[in-house]
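Enquirer: I am attaching a structure below and will ask some questions about it afterwards.
The values are calculated or read from the model by the stated rules, or taken from the named source; none is laboratory data. The structure presented is a predicted model; accordingly, all values stated were derived computationally and were not measured. No Cβ is skipped: glycine too gets one built from the backbone with ideal geometry, and neighbour counts run over all protein chains shown. Please note that ligands, DNA and RNA were not included when accessible areas were found on the heavy atoms of the full protein model with its side chains. Shrake-Rupley method; radii C 1.70, N 1.55, O 1.52, S 1.80 Å.
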Amino acid sequence: MRVVIVGAGHAGVQAAETLRDEGFDGEIVLLDRDARLPYQRPPLSKDGLASGDEPLPLRGAVFYERLGIELRLGAELRGIDPGARVIELADAQGERSHITYDELVLAVGARARRLRCGDAQASRVHVLRTADDAEILRDRLADAERVVVVGSGFIGLEFAAVAATKGKRVTLLSRGSRVLGRSASATTADWLTAHLRAAGVEFVFGVEALADERDLADWPADLTVVGIGVDDCPVFADAAGAAGLATDRGVIVDASLRTSLPGIWAIGDIARFPDARGEFQRIESVQNATEQGRHVARAIVHGASDYDEVPWFWSIQAGAKLQIAGLADGADAEVVLGDPAAGKFSVLRFAGERLVCVESVNKPADHVAARKLLASAGAASVTPAAAAEPGFTLKSALVPA
């Protein structure tokens with residue numbers, strides 16, 4: 001039996017490793033379009049960008065040989081024939097090749113969304129998604145004085161924070177009225193904004209026209225970086241369409257992460273999967289990628305089951321650590337634990353009486369407790385009224401095992 005995994009990011013490498021951990025003794029072929037040894041992504045916009053260090057490998061080169069994983073780099077997916085269970089690949093020179101599979105795992109990741117290109121400014125507008133992007137930005141940042149960042153999501157904020165701490169004049173443009181509009185509460189967003197302003201970042205909110213590079217004419221800069229999310233349909237969509245996979249802002253999978261075609265799974269950034277409420281989510285995080293890699297490997301070895309891990313995220317910005325457990329979809333109430341003025345607090349977010357998400361700023365113990373709580377039956381007892389009681393802590397709400 002041969003399992004082919006397309007994409008050697010966090011999801012793909014974890015899937016390959018877990019296959020062996022679970023006793024799979026067939027062939028494992030791990031493919032990636034990047035020619036680098038698979039590397040860690042989070043430091044690219046955080047410590048790695050600040051330090052200039054090379055990206056850390058996800059596993060050493062000997063790992064793949066030791067586990068009998070055939071790692072093919074510089075191979076891009078170009079097509080799938082699900083009937084014959086064959087994929088078509090192309091190398092950097094465009095030379096085509098084919099490989100058969102019994103089970104195919106798609107873990108190709110997403111690609112950064114770009115502004116429409118205006119010829120005059122194309123050379124100075126960058127994205128940050130890959131190690132190659134990070135290398136270019138490190139070099140450009142060293143010589144830049146004025147930096148413009150477009151987008152107030154995690155990538156935009158992290159890059160702005162690094163640039164500001166290096167003494168650059170940083171202006172961050174946001175279409176919304178605050179940062180992290182889809183990811184965090186107004187309480188956390190306002191605190192982060194004040195924190196980054198103190199670090200030297202200037203914010204401009206409510207900037208409507210930010211679709212084309214020419215829209216940036218009013219904000220001259222030595223370096224411009226856009227962090228406006230990822231493409232709804234990655235480049236992989238061409239191959240997916242040819243294969244007849246169901247896609248809608250990603251590859252549609254069922255609760256076990258199976259696609260609409262037999263023998264094909266999708267994990268990580270590209271997978272849109274139903275949550276416990278039946279609503280489809282596509283989550284871009286290392287934790288989600290890693291857990292889905294583990295899940296799909298176990299499904300291949302032992303049989304399919306529903307994926308139900310609690311998602312969590314983290315970000316580091318100018319020395320502040322933000323950690324989020326759960327998803328705030330439908331949140332309409334919140335309780336704050338701790339003291340925002342002291343720079344250490346957690347925001348508990350509720351949908352009605354149900355705890356759905358906890359944001360922690362410089363409170364790692366709260367974050368660990370929140371992850372355990374949201375995955376346990378104890379979460380049901382944490383209502384807004386209960387959380388507002390004097391002496392309440394997330395740790396105290398955990399149900400003893």
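Enquirer: Please count how many residues of the range 337-373 are of a type outside the set (Gly, Ala, Ser), assigned to a strand (DSSP E or B) and farther than 18 Å from residue 314 by Cα.
Expert: The total comes to 5.
Enquirer: Across the range 56-82, which residue is nearest to residue 35 (Cα to Cα) among those that are open to solvent by 60 Å² or more (accessible area, probe 1.4 Å) and touching a residue at least 60 places away in the same chain (Cβ under 8 Å)?
Expert: 73
Enquirer: I've got another one for you. For the range 375-393, state whether one or more residues are over 24 Å from residue 158 (Cβ atoms), in contact (Cβ under 8 Å) with a residue 40 or more places away in the chain and assigned to a helix (DSSP H, G or I).
Expert: For the range 375-393, residues over 24 Å from residue 158 (Cβ atoms), in contact (Cβ under 8 Å) with a residue 40 or more places away in the chain and assigned to a helix (DSSP H, G or I): present.
Enquirer: On the given criteria, is residue 322 touching a residue at least 12 places away in the same chain (Cβ under 8 Å), part of a strand (DSSP E or B) and closer than 30 Å to residue 39 by Cβ?
Expert: Spelling it out, residue 322 is indeed touching a residue at least 12 places away in the same chain (Cβ under 8 Å), part of a strand (DSSP E or B) and closer than 30 Å to residue 39 by Cβ.
Enquirer: Just name the residue that is surrounded by the fewest Cβ atoms within 10 Å (Cβ to Cβ) out of those in the range 336-358 that are among the β-branched types (Val, Ile, Thr) and within 22 Å of the chain's Cα centre (by Cα).
Expert: My answer is 356.
Enquirer: Go through (1) free of Cβ contacts under 8 Å to residues at least 40 places away in the same chain; (2) in contact with a helix residue (DSSP H, G or I) (Cβ under 9 Å, 6 or more places away or on another chain); (3) over 30 Å from residue 201 (Cα atoms); (4) outside any helix (DSSP H, G or I) for residue 307 and report which single condition fails.
Expert: Going through (1) free of Cβ contacts under 8 Å to residues at least 40 places away in the same chain; (2) in contact with a helix residue (DSSP H, G or I) (Cβ under 9 Å, 6 or more places away or on another chain); (3) over 30 Å from residue 201 (Cα atoms); (4) outside any helix (DSSP H, G or I) one by one, residue 307 breaks only (1).
Enquirer: Just checking, how many residues over the range 248-262 are exposed (fewer than 15 other Cβ atoms within 10 Å of the Cβ) and touching a residue at least 40 places away in the same chain (Cβ under 8 Å)?
Expert: 1
Enquirer: On to the next question. State the number of residues belonging to the range 211-227 that are part of a loop (DSSP other than H, G, I, E, B), within 11 Å of residue 173 (Cα to Cα) and touching a helix residue (DSSP H, G or I) at 6+ places or on another chain (Cβ under 8 Å).
Expert: 1
Enquirer: Regarding residue 210, is this residue open to solvent by less than 40 Å² (accessible area, probe 1.4 Å) and modelled with pLDDT of 75 or more?
Expert: no
Enquirer: Ok, one more. Just to verify a result, which residue in the range 46-55, among those that are open to solvent by less than 30 Å² (accessible area, probe 1.4 Å) and part of a helix (DSSP H, G or I), is modelled with the highest pLDDT?
Expert: Taking the candidates together, the pick is 49.
Enquirer: Give me a count of the residues in the range 300-323 that are closer than 17 Å to residue 180 by Cβ and surrounded by fewer than 17 Cβ atoms within 10 Å (Cβ to Cβ).
Expert: 1
Enquirer: Then there is this: Can you tell me which residue among 347, 361 is touching a Cys at 6+ places or on another chain (Cβ under 9 Å) and either over 20 Å from residue 182 (Cα atoms) or among the β-branched types (Val, Ile, Thr) (or both)?
Expert: Within the list 347, 361, the selection yields 347.
Enquirer: Specify the residue that is nearest to residue 54 (Cα to Cα); the eligible residues are those in the range 12-40 that are of a type in the set (A, V, I, L, M) and open to solvent by less than 10 Å² (accessible area, probe 1.4 Å).
Expert: 13
Enquirer: Being more than 23 Å from residue 41 (Cα to Cα) and surrounded by fewer than 18 Cβ atoms within 10 Å (Cβ to Cβ) is the filter here, so list the residues in the range 263-296 that pass it.
Expert: 263, 274, 275, 276, 277, 278, 279, 280
Enquirer: Still on this structure, please answer the following. Quick one: is residue 361 open to solvent by 30 Å² or more (accessible area, probe 1.4 Å) and either in contact with a helix residue (DSSP H, G or I) (Cβ under 6 Å, 6 or more places away or on another chain) or under 13 Å from residue 188 (Cβ atoms) (or both)?
Expert: So residue 361 fails the test.
Enquirer: Is it true that some residue in the range 86-93 is of a type outside the set (A, V, I, L, M, F, W, C), at pLDDT 90 or above, surrounded by 15 or more Cβ atoms within 10 Å (Cβ to Cβ) and in a helix (DSSP H, G or I)?
Expert: No, the conditions are met nowhere in the range 86-93.
Enquirer: Moving on to the next point. Taking residue 43 as meeting all but one of (1) open to solvent by less than 60 Å² (accessible area, probe 1.4 Å); (2) touching a Leu at 6+ places or on another chain (Cβ under 9 Å); (3) over 29 Å from residue 319 (Cα atoms); (4) not hydroxyl-bearing (Ser, Thr, Tyr), write down the number of the exception.
Expert: Of everything listed in (1) open to solvent by less than 60 Å² (accessible area, probe 1.4 Å); (2) touching a Leu at 6+ places or on another chain (Cβ under 9 Å); (3) over 29 Å from residue 319 (Cα atoms); (4) not hydroxyl-bearing (Ser, Thr, Tyr), residue 43 misses just condition (3).
Enquirer: Please state which of the following conditions residue 245 fails to meet, knowing it meets all the rest: (1) in a loop (DSSP other than H, G, I, E, B); (2) surrounded by 20 or more Cβ atoms within 10 Å (Cβ to Cβ); (3) within 17 Å of the chain's Cα centre (by Cα).
Expert: Exception for residue 245: condition (3).
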